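These notes are about the structure you will find just below.
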Amino acid sequence: MDTVIHFAVSWYTLYRDELMLGLLACTFLLMMITLAAVRRCRKQIRLLTEKTREMTKVALSQDGRQTRRETADRYAAPKQEGDTSVTVSRKNEEVFGSVIQEIFP
């Protein structure tokens, strides 16, 4: 056991500078890899945000047109029996589903 400890101490004293330089190089390399990964993730987030904005604008414009048509039809046609909130929510779900499909192909 004494010889192993003596060997480790002598090896450390002989190659201390090289060991520190190696640790510094490994740290620098890992830092560069991390920065590259963060840059890639930020780029993906930026693209996803732009797609989301575009699809939201499209969905809102379609929803606005749909609402105007429904309002015009409601005033033009006599009152119908039944609840129309179910059909409106289904239409909203369809628009939302199409937006999600456009964002995540």
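Would you be able to tell me the number of residues in the stretch 41-86 that are of a type in the set (Asp, Glu) and either open to solvent by less than 80 Å² (accessible area, probe 1.4 Å) or at pLDDT 75 or above (or both)?
Residues meeting the conditions: 4.
With within 22 Å of the chain's Cα centre (by Cα), surrounded by 10 or more Cβ atoms within 10 Å (Cβ to Cβ), of a type in the set (S, T, N, Q) and modelled with pLDDT under 70 as the only criterion, which of Ser89, Ser98 stands out?
Ser98
Give me the pairs, please: first residue somewhere in the stretch 5-33 and assigned to a helix (DSSP H, G or I), second residue anywhere and among the aliphatic types (A, V, I, L, M) and open to solvent by less than 100 Å² (accessible area, probe 1.4 Å), beta-carbon distance under 8 Å, and either six or more positions apart or on two chains.
From the stretch 5-33, the pairs are Tyr12/Leu19.
Could we say that Val38 is at pLDDT below 90 and surrounded by 10 or more Cβ atoms within 10 Å (Cβ to Cβ) here?
The answer is no for Val38.
List every residue pair whose Cβ atoms lie under 6 Å apart, where the two residues are 6 or more positions apart in sequence or sit on different chains, the first residue falls within the stretch 36-58 and is closer than 12 Å to Ile103 by Cα, and the second residue, located anywhere, is surrounded by 10 or more Cβ atoms within 10 Å (Cβ to Cβ).
Filtered contacts from the stretch 36-58: Lys51/Ile103; Thr52/Ile103; Met55/Val99; Met55/Glu102; Met55/Ile103.
The values are calculated or read from the model by the stated rules, or taken from the named source; none is laboratory data. Quick caveat, the model's predicted, so the values are computed rather than measured. FYI the Cβ positions are ideal-geometry reconstructions off the backbone, even for glycines, and counts take in every protein chain you see. Ligands, DNA and RNA are excluded from the accessible area calculation, which covers all protein heavy atoms including side chains. Shrake-Rupley method; radii C 1.70, N 1.55, O 1.52, S 1.80 Å.
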